[in-house]
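Take a look at the structure set out below.
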Amino acid sequence: MIRLLAATCAVALLAAPVVAADRVAEAGRLREAALATSAAYPLLESLTTEVGPRLAGSAAEARGRAWAVKAMTAAGLSNVHVEPFALVAWERGLETAEVVGPGAQRLVVTALGRSGATPAAGITAQVAYFADLQALKEAPAGSLKGKIAFIDHHMMRAQDGSSYGANNAVRTQGPAIAAAKGAAATLIRSLGTGNGRDPHTGVTQTPKGQVPGPSGALSLADADQLVRLVSRGPVTLKLVLTPRFTGTGQSGNVVGDLPGSAVPNEYVVIGGHLDSWDLGTGAIDDGAGMAITLAAAKAIKDAGLVPRRTIRVVFWGAEEVGGEGGEAFAAAHKTDAVVLAAESDFGADRVYRVSSRVAETGLPLVAEINRALAPLGIAPTKDNSAGGGADVGPLGALGAGILELEQDGSRYFDLHHTPDDTFDKVDKAQIDQNVAAYAVAAWLAASDERVLRAK
Ligand SMILES: [Zn+2]
């Protein structure tokens, strides 16, 4: 009797924590169900097989949006729609590089995204070697006139992908810097790891008012070869790169909701980007992010759970070419109360770490999420300063709380932006672990009422 009375009092006094315990128990059930199997692997198989590559602004990206509307609807999401936006479209042409004269041989090259073109017949010019971007920056003005600048650098394998961030400017800024010093074209060592002969594409940026010069990336093996050749004496290359800008194109963000019961106008946003580079089928970058986040929302729906806040799945368009989709989404939804945003855009391998950037009042909820993720082998970080990534970054700048479920990037840059970014590289158990993590995090954040927004 006393025990019963005590239990009743405890329930009365601790009504909120009992509800919280239910939420956490549901999170545990979602986690175990997704680990057993999830919808992500078949979704990714369908996308990469039926749509394939999805270059921003292309007809293929539009087919990707149609696929996404169908997939979100079939998963049981509501309010499924496309939010279109325009962009400058670009497409790849021919791409060859060959050493002429002594040591004549072909090198494997691919044009960087939004690169300019050589004449159709190509250019033949001497290679000017730069050990790193700083060496290129220090070259005197005009000193590259008529030459092909080659920028070397060494990206290292790292679980958190930090070496990509450190070397990214070689690709995004190097070609424009070389062109401003008179270079006829620019080649870089691919931003990647491993030793394959597949070159890694990726966007290069040209400041307003400057005409984009032709720029490409050599595979890592071919960059090594060029370094050996250059060490023996002057090297002349014939380079053909004929990509072209095709005018104003259409892209769009695809949105679908799991509506909240109590506060439907508060949003927990999860998603990945819909566009991909054109060389592979965009399996790890970023079909995986789409599949993981849609499968997580579907897992919550299939479990019969109704969140308090709306869980919104977003597939952003045109991330690769400049983050236009993330910017367009934030601009269109700047008055929406996005309480938390998390994007999956680092492959399909397991989540190993969580970081966040939320208001002080949201830290206990982040601690609760961390505890529910621990059985998945995911460790919390201590800081609260996560950036979130290209697509949710603009939402974070508007005050949204940010959660990063950080994936193991150890092998990501072997495949990233190459013809090898294909479905066969995806490990089902690891992608399901990602779904478990997103389902847990989205459910706990959307079934709660604690304040996560920074402003
Ligand atoms: Zn990506």
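Readers should treat all values here as calculations from the given coordinates under stated rules, not as data from a laboratory. Just so you know, these numbers come straight off a predicted model, no measurement behind them. Here the Cβ is made from the backbone with ideal geometry for all residues, glycine too, and neighbour counts use every protein chain on show.
Values computed for the structure shown
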quantity: Solution diffusion estimate, µm²/s, Stokes-Einstein, the range 88-128, Kirkwood Rh from C-alpha pairs, 20 °C, viscosity 1.002 mPa s; calculated: 179 µm²/s
quantity: Cα-centred dipole magnitude for the range 93-242, charges only on beta-carbon of K, R (+1) and D, E (-1), debye, nearest 20; calculated: 280 debye
quantity: Packing-based exposure ordering (other Cβ within 10 Å, fewest first) of ASP383, ASP427, ASP152; calculated: ASP383, ASP427, ASP152
quantity: For the range 281-323: Kirkwood Rh in Å [reciprocal of mean 1/r, alpha carbons]; calculated: 11.9 Å
quantity: DSSP beta bridge pairing in the range 93-242, given as percent antiparallel to the nearest 5; calculated: 55 percent
quantity: Per-selection Kirkwood Rh - the range 297-455 (Cα, Å, 1 d.p.); calculated: 16.3 Å
quantity: 28 Å Cα-Cα threshold exceeded, pairs from LYS301/LYS382; LYS298/LYS425; LYS70/LYS428; LYS70/LYS208; LYS208/LYS425; calculated: LYS301/LYS382; LYS70/LYS208; LYS208/LYS425
quantity: Charged-residue dipole, Cβ positions (Lys, Arg, Asp, Glu), the chain about Cα centre, Debye nearest 20; calculated: 600 debye
quantity: For the range 31-161, the fraction of alpha-carbon pairs in successive 10 Å shells from zero, as %; calculated: 8, 22, 25, 21, 16, 7, 0
quantity: Debye, to nearest 20: dipole size of the range 52-99, +1 on Lys, Arg Cβ, -1 on Asp, Glu Cβ; calculated: 300 debye
quantity: Ascending count of other beta-carbon atoms within 10 Å, so fewest first, for VAL339, VAL69; calculated: VAL69, VAL339
quantity: Helix runs (DSSP H) in the chain reaching 24 Å along axis by Cα, Kyte-Doolittle at least -1.0; calculated: 15-36, 428-446
quantity: Around ALA221: net Lys/Arg minus Asp/Glu count, Cβ-Cβ under 14 Å; calculated: -2
quantity: Formal net charge of residues neighbouring VAL255 (Cβ-Cβ distance under 10 Å; K, R +1; D, E -1); calculated: -1
quantity: Charge sum, other residues only, whose C-beta stays under 11 Å from ILE311's C-beta, Lys/Arg counted +1 and Asp/Glu -1; calculated: +3
quantity: Largest-first ellipsoid semi-axes for the chain, taking √(5λ) over the Cα gyration tensor eigenvalues, angstrom; calculated: 46, 21, 19
quantity: Positive dipole terminus of the chain, leading residue within ALA178, ALA386, THR281 (C-beta point charges); calculated: ALA178
quantity: Antiparallel bridge percentage (DSSP; both residues within the chain; nearest 5); calculated: 55 percent
quantity: Per-pair calculated FRET efficiency, R0 = 60 Å: ALA262 and ASN168 via Cβ, rounded to 0.05; calculated: 0.90
quantity: Hull shadow area, averaged, the range 93-242 [alpha-carbon convex hull, nm²]; calculated: 8.4 nm²
quantity: Convex hull per residue volume in Å³, alpha carbons only, for the range 186-302; calculated: 180 Å³
